[in-house]
Amino acid sequence: MSLADRVNALMGQARTDLSELVAIPSVADPRQYPPEECTKAANWVVQHFEEVGFTDLSLRETSDGSRAVYGVRPTNVPDAPTVLLYAHYDVQPPLDEAAWHTPPFQLTESGGRWYGRGAADCKGNIVMHLTALRALGDDVPVNLKLIVEGSEEQGTGGLEDFVEHHPDLLRADAILVCDTGNAAVGVPAATVTLRGMVNVVVSVEALAGELHSGMFGGPAPDALAALIQILSTLRDAAGNTTIAGLESGQTWSGAPYPTEQFRSDAALLDGVGLLGDGTVSDMIWARPAVTVLGIDCPPVIGSAAAIQPHSRARLNLRVPPGTDALKAQDALIAHLHAAAPWGVRVTVTPEAVGQPFEARTGGPAYQALASAMQEAFGREMTTLGQGGSIPLCNVFADTYPDAEIILMGVEEPLALIHAPNESVDPGEIARLAHAEALFLQRYRR
């Protein structure tokens, strides 16, 4: 039986695995879900990777209180390279459960896809690893290490800190960070760049308290209107991000993201235009992008005829490779202060910062992966950027400068990760399991 046939024969087991994992609501936020659910998911990972030959499996406490699953599977092949397999078992909360067409924590098949929170991000990648290893059996001619973290979605940095304090534990020649995906179903890709990010909260104060809009409206400054004016300076009329001191004309040189595919993936309404004067690829992978994540102000229902004395907004700035995130944060803060009208008081509080990442390509691991992807998918592997941030990649790169870091996975645009109705295409699990198995067979330093 061929390796592809063995993978396909295992897809029933893969569905069972994913059903069991999705049924565990492992949201790493004790304010929303019991911590015992994350422990249950971690123990599930331990049990199942023990079945595929990993030893010394254990739960490693990290600085944020989460526990990462660690294990090793050595080979008896002389001078074999070491490959670290990464994924995470924690998931985003389901958000608006009424918006789900299926129960969020029950794997449900519909239209050829498997629906459920974490089905793609990132439990589908855990199952992909297991399926590849089951298909290989004893034929794994590389040393394997495993790390499956439990707080990636919270961004609290537990595993990043763990790597820095235990560098020898995770040292490897190639690191498969399986938490990204392809540009479309059936189109193999490795992600080679990640945007960094800056989160800040900007607060505006104008008055000591609320004032009647009829008695004082006109000369009295409105803090909410001032905030809106400040935020409006962050983009120009075409929608380009325009933060003073931050370059915004970069271009993307990798595989393009077709405009019509993006419009479909993003579910744009008819007649709504795209932002910016660059291509879609330029705008999401090569240029900075600012997003207003939230505003504190009175809701429409229940609002009164009053001038607002204060208001605030939470902003997210995505930073492309080549731009230092700390310098971008400084530029954003300076811009917000400079844009303040009418002498209102502005306070900007930094929340989080993460540097962008650019992978080294062309080494033996990338060559082996490209060959494996070509065989598993029947078409050449492309390279993509990703607008999201994975700070762990920078920690890996700094801690293991000689390692090849490869980002791949089952999460393509239709997966709707972080949104209601998350799903995975089982064909992606099968093809990527096949590709990973081929990679583990072929990779040599």
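Key figures for this structure:
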quantity	calculated
Tally of residues being of a type outside the set (A, V, I, L, M) and within 26 Å of the chain's Cα centre (by Cα) across segment 331-363	12
Unmet requirement for L207, which otherwise passes all of (1) among the aliphatic types (A, V, I, L, M); (2) open to solvent by 20 Å² or more (accessible area, probe 1.4 Å); (3) at pLDDT below 95	(3)
Pair list, Cβ < 8 Å and 6+ apart or interchain, from segment 245-260 residues that are closer than 30 Å to H335 by Cα to residues that are open to solvent by less than 100 Å² (accessible area, probe 1.4 Å) and among the β-branched types (V, I, T)	L246/T323; E247/T323; S248/T241; S248/T242; T251/T279; W252/T279
Any hit, segment 168-187, residues being without any contact (Cβ under 8 Å) to a residue 24 or more places away in the chain, assigned to a helix (DSSP H, G or I) and not small (G, A, S)	no
Those residues of segment 106-155 which are assigned to a loop (DSSP other than H, G, I, E, B), surrounded by 21 or more Cβ atoms within 10 Å (Cβ to Cβ) and not polar (S, T, N, Q), in sequence order	L107, G116, R117, G118, A119, A120, D121, C122, V140, V142, G150
Neighbours by Cβ (under 9 Å, 6+ apart or cross-chain): first from segment 364-389, more than 18 Å from I405 (Cβ to Cβ) and basic (K, R); second open to solvent by less than 40 Å² (accessible area, probe 1.4 Å) and assigned to a helix (DSSP H, G or I)	R379/M373
Residue selected from segment 416-434 under the condition out of contact with any Cys (no Cβ under 9 Å at 6 or more places or on another chain) and farther than 20 Å from G12 by Cβ, by the criterion least open to solvent (accessible area, probe 1.4 Å)	E422
Tally, over segment 12-52, of residues that are more than 22 Å from N421 (Cβ to Cβ) and open to solvent by less than 60 Å² (accessible area, probe 1.4 Å)	10
Number of the exception - A334 against (1) hydrophobic (A, V, I, L, M, F, W, C); (2) open to solvent by 20 Å² or more (accessible area, probe 1.4 Å); (3) touching a strand residue (DSSP E or B) at 6+ places or on another chain (Cβ under 8 Å)	(3)
So A340, is it touching a residue at least 24 places away in the same chain (Cβ under 8 Å), within 17 Å of V204 (Cα to Cα), of a type outside the set (F, W, Y) and part of a loop (DSSP other than H, G, I, E, B)	yes
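The values are calculated or read from the model by the stated rules, or taken from the named source; none is laboratory data. All of these numbers come straight from a predicted model, not from anything done at the bench. Backbone-built Cβ (ideal geometry, glycine too); neighbour counts: all protein chains shown. When the accessible area is computed, the model is the full protein with side chains, heavy atoms only, and any ligands, DNA or RNA have been set aside. Shrake-Rupley method; radii C 1.70, N 1.55, O 1.52, S 1.80 Å.
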